[in-house]
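What follows is one structure encoded as structure tokens, with my remarks underneath.
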Amino acid sequence: MKLEQQKADQAALFSAILTLRTPEECYAFFKDLCTYQELNAMAQRLKVAKMLHQGTVFHEIVEQTGASTATISRVNRAIKDGCNGYQIIFDRMTEGELSDPL
């Protein structure tokens with residue numbers, strides 16, 4: 001029962017996110033929803049994913065992002081063996097969006 005409720009809650013969250021129309025709306029929603037640390041952690045993971053996608057080596061990612069090697073490894077594993085969520089983003093973002101700092 002608990003797992004079913006968690007899935008329903010996640011589906012409601014994702015549906016809510018899909019109603020957002022602008023970066024400003026996303027910013028407002030995520031600032032309300034997440035703690036400062038949670039938001040920064042997600043932004044850092046996306047930056048790490050972008051850098052891995054662009055072929056940046058681990059030690060450069062550590063230097064440029066401050067991410068731990070464990071975080072970088074986790075993101076790398078998700079890119080290679082995950083649900084293709086990062087790849088969807090990479091496919092839909094323009095090259096300029098991928099190279100822009102977060």
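The values are calculated or read from the model by the stated rules, or taken from the named source; none is laboratory data. If you're wondering where the values come from, they're calculated on a predicted model, not measured in any experiment. Positions of Cβ are backbone-derived with ideal geometry, glycine not excepted, and every protein chain shown enters the neighbour counts. Heads up: the accessible areas ignore ligands, DNA and RNA and are worked out on the full protein's heavy atoms, side chains in. Shrake-Rupley method; radii C 1.70, N 1.55, O 1.52, S 1.80 Å.
Any idea of Arg45's accessible area? Nearest 10 Å², probe 1.4 Å.
Rounded to the nearest 10, the figure is 90 Å².
So the label point goes 7 Å from the Cα of Gln87 along Cα→C-beta, right? Which residues of the range 33-55 then have their backbone N under 18 Å from it?
Under cut-off, by backbone N: 49-55.
Identify all lysines with a Cα-Cα distance to Lys50 below 29 Å; exclude those on the same chain that are fewer than 8 residues away in sequence.
Lys50 reaches Lys7, Lys31, Lys80.
Can you compute the helix-only [θ] at 222 nm over the chain? Use -39500 (n - 2.57) per DSSP H run of at least 4 residues, normalise by all residues, nearest 500 deg cm²/dmol.
It comes out at -24000 deg cm²/dmol, rounded to the nearest 500.
Specify which residue in the list Leu20, Phe30, Ala67 is farthest towards the positive end of the charge dipole of the range 1-81, using unit charges on the beta carbon of Lys, Arg (+1) and Asp, Glu (-1), about the Cα centre.
Going by the charge dipole, the pick is Ala67.
Cut-off 10 angstrom, C-alpha nodes, Gaussian network model of the chain. Which of Ile17, Ile79, Ile61 fluctuates the most?
In this elastic network of the chain, the residue with the biggest mean-square fluctuation among Ile17, Ile79, Ile61 is Ile17.
Classify the chain as rounded, prolate or oblate from the Cα gyration tensor: take a ≥ b ≥ c as the square roots of its eigenvalues, call it rounded if a/c is under 1.5, otherwise prolate when a/b beats b/c and oblate if not.
Taking the square roots of the gyration eigenvalues as a ≥ b ≥ c, the chain is prolate.
Pick out which of Ala11, Ala49, Ala41 has the largest mean-square fluctuation in a Gaussian network model of the chain, springs linking Cα atoms closer than 10 Å.
Judging by the Gaussian network model, the answer is Ala11.
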